[in-house]
């Protein structure tokens, strides 16, 4: 969390980055998704973040550029509105994607975990390379999520947490559990004379990093497309998502 002095500095300089960071710290951070949704419904439409935060930024720009060319002011205002909306949507899209992907990959991991446990206990006799490959792939997908979130937070939000409380918990617990399980499994593989089969290898970590980079790009594309659509640039919005829809990314 930022201290009071830093918050005051942010309030005095309402750039899009600072305005959204202030909203994040004062209104979004520390709430569950349900708590934040309820909080929003208790407020008028004009007070919703995508309206109110944008007005704050516009007011700051108009005050700072008072007396300048009206065309330049309008251009600066529109650019700031777009930047502000993008950052807000980036928070919302990150939460949505993390929630969806963590919840979808976890049942898959549990199924693979169950089969491996049965093999270890002698209930099933055949050890399948495909089974371990499936676990490796699913684990990489899960581990890439917190890496992607951290990169977004560092790049756009000064390292502040952008996940709601429940989304963060839904991600943190499976990641911790799976890391412990993989560490135990890798130890067994080494003791059985199969060090080449361990999951947590340099190659695996490289795969996680690559998946995280792709997730960052995808989340940013979703937020940018949403923003462009809201500002009447439908073709540009479509172009941003086209590589992902057509499978080019």
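Miscellaneous remarks
- Residues being in contact with a helix residue (DSSP H, G or I) (Cβ under 7 Å, 6 or more places away or on another chain), surrounded by fewer than 20 Cβ atoms within 10 Å (Cβ to Cβ) and under 17 Å from residue 205 (Cβ atoms) - total across the range 142-180: 4
- Hits in the range 162-194 - residues which are in contact (Cβ under 8 Å) with a residue 60 or more places away in the chain and not in a helix (DSSP H, G or I): 162, 163, 164
Per-residue answers, yes or no, for (1) within 30 Å of residue 203 (Cβ to Cβ); (2) modelled with pLDDT of 95 or more; (3) over 23 Å from the mean Cα position of the chain (by Cα):
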{"residue": "32", "(1), (2), (3)": "no, no, no"}
{"residue": "44", "(1), (2), (3)": "no, no, yes"}
{"residue": "51", "(1), (2), (3)": "no, no, no"}
{"residue": "91", "(1), (2), (3)": "no, yes, no"}
{"residue": "105", "(1), (2), (3)": "yes, no, no"}
{"residue": "108", "(1), (2), (3)": "yes, no, no"}
{"residue": "134", "(1), (2), (3)": "yes, no, yes"}
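- Test: residue in the range 195-216 that is closer than 14 Å to residue 140 by Cα, outside any helix (DSSP H, G or I) and in contact (Cβ under 8 Å) with a residue 24 or more places away in the chain: yes
The values are calculated or read from the model by the stated rules, or taken from the named source; none is laboratory data. Values in this document were obtained by computation on a predicted structure and should not be read as measured data. No Cβ is skipped: glycine too gets one built from the backbone with ideal geometry, and neighbour counts run over all protein chains shown.
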